[in-house]
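Right, one structure below, let's go through it.
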């Protein structure tokens with residue numbers, strides 16, 4: 001179990017040091033949302049190209065802690081090429097594990113499982129879920145800023 005936790009920690013550190021899909025807006029971007037965690041000051045913007053029910057491209061920008069950055073990076077990798085419905089299902093699966101304490105389906109979560117250790121630190125769960133809530137707002141076309149409070 002210790003080895004798995006170390007692997008997860010390494011995945012989070014890697015995605016924080018070298019975040020994927022960071023710092024740019026996708027070409028032909030047509031969905032964007034802004035999220036903010038007032039407790040720690042994390043801010044994230046999720047932008048995507050959403051066409052014919054599919055997330056063709058997705059990226060994020062902003063400033064946040066290692067957990068927020070890693071979560072956004074892992075999320076964008078997991079959602080690129082998925083349908084809006086699949087993205088919503090994955091959002092709900094992550095939320096259920098991190099917030100509602102449901103047992104994880106490791107096969108479904110894949111690399112996103114690296115974020116599961118966050119639930120041991122309740123104050124950090126909001127950091128991990130902020131990009132997901134922001135993505136959901138972008139997907140739905142909401143203009144209202146997302147907040148963790």
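Side notes on the structure shown:
- Near pairs, Cβ below 8 angstrom, 6+ apart or cross-chain, from the stretch 1-30 (under 19 Å from residue 47 (Cβ atoms)) to any residue that is modelled with pLDDT of 95 or more and assigned to a loop (DSSP other than H, G, I, E, B): 21/80
Yes or no, residue by residue, for (1) surrounded by 16 or more Cβ atoms within 10 Å (Cβ to Cβ); (2) free of Cβ contacts under 8 Å to residues at least 12 places away in the same chain; (3) farther than 27 Å from residue 25 by Cβ; (4) under 14 Å from the mean Cα position of the chain (by Cα):
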| site | (1), (2), (3), (4) |
| --- | --- |
| 68 | yes, no, no, yes |
| 80 | yes, no, no, yes |
| 92 | no, yes, no, yes |
| 95 | yes, no, no, yes |
| 122 | no, yes, yes, no |
| 137 | yes, no, no, yes |
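- Boolean, residue 45 is surrounded by 15 or more Cβ atoms within 10 Å (Cβ to Cβ), in contact with a strand residue (DSSP E or B) (Cβ under 7 Å, 6 or more places away or on another chain) and over 21 Å from residue 133 (Cβ atoms): no
The values are calculated or read from the model by the stated rules, or taken from the named source; none is laboratory data. Small disclaimer: the values here were computed from a predicted structure and weren't measured. Cβ atoms come from the backbone with ideal geometry, glycine included; neighbour counts cover every protein chain shown.
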